[in-house]
Amino acid sequence: MKTSLSKKGNTYKGRKVTLNKPFYTPGERKKSAVYVKNPAGKVVIVRFGDPNMKIKKSNPERRKNFRARHNCASAKDKTTPKFWSCAAWGIAMLGGHAIMSACDALKMLSLA
């Protein structure tokens, strides 16, 4: 799946939106959301995260357990909540050993 990482000039329900940049959604059923393009080229919103829980990614043990529990190494599809939830924890999505930001992981995906 090759999708453009262009962030400007995309619309969702008539509004211009920025792609691949998670944002908080206070008062919604999920904690965060992100606009992405699906394989058909349509901009969709992906919601993820429990609004009643805090992530504690600064604790290496918690980060490791989250990664194992959610199998983050297999999260490669940007149109899934799993991908973005793993990205929120600052972990590489391609099974890399180094910890990286969601932006770095997206750059790696565009190279693959």
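The values are calculated or read from the model by the stated rules, or taken from the named source; none is laboratory data. Model, not experiment: these values are computed from the prediction. Because the Cβ atoms are built from the backbone with ideal geometry, glycine has one as well, and the counts that use them run over all protein chains shown.
General remarks:
- Within the range 61-73, the set of residues being part of a helix (DSSP H, G or I) and without any contact (Cβ under 8 Å) to a residue 12 or more places away in the chain comprises Glu61, Arg62, Lys64, Asn65, Ala68, Arg69.
- On the stretch given as the range 38-54, residues that are at pLDDT below 90 and surrounded by 17 or more Cβ atoms within 10 Å (Cβ to Cβ) total 1.
- The range 24-37, subset under 11 Å from Gly49 (Cα atoms) and not aliphatic (A, V, I, L, M), residue surrounded by the fewest Cβ atoms within 10 Å (Cβ to Cβ): Arg29
- Residue in the range 73-81 that is within 18 Å of Glu28 (Cα to Cα) and modelled with pLDDT under 85 present: no
- Complete set of residues in the range 24-71 that are under 13 Å from Pro81 (Cα atoms) and either aromatic (Phe, Trp, Tyr) or in contact with a Pro (Cβ under 9 Å, 6 or more places away or on another chain) (or both): Lys30, Lys31, Ser32, Ala33, Val34, Tyr35, Val46, Arg47, Phe48, Gly49
- Against the list (1) at pLDDT 80 or above; (2) touching a strand residue (DSSP E or B) at 6+ places or on another chain (Cβ under 8 Å); (3) crowded, with 19+ Cβ neighbours inside 10 Å, the condition Arg67 fails is (3).
Every residue, every condition in (1) at pLDDT 90 or above; (2) exposed (fewer than 11 other Cβ atoms within 10 Å of the Cβ), yes or no:
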{"residue": "Ser4", "(1), (2)": "no, no"}
{"residue": "Gly9", "(1), (2)": "no, yes"}
{"residue": "Asn20", "(1), (2)": "yes, no"}
{"residue": "Pro60", "(1), (2)": "no, yes"}
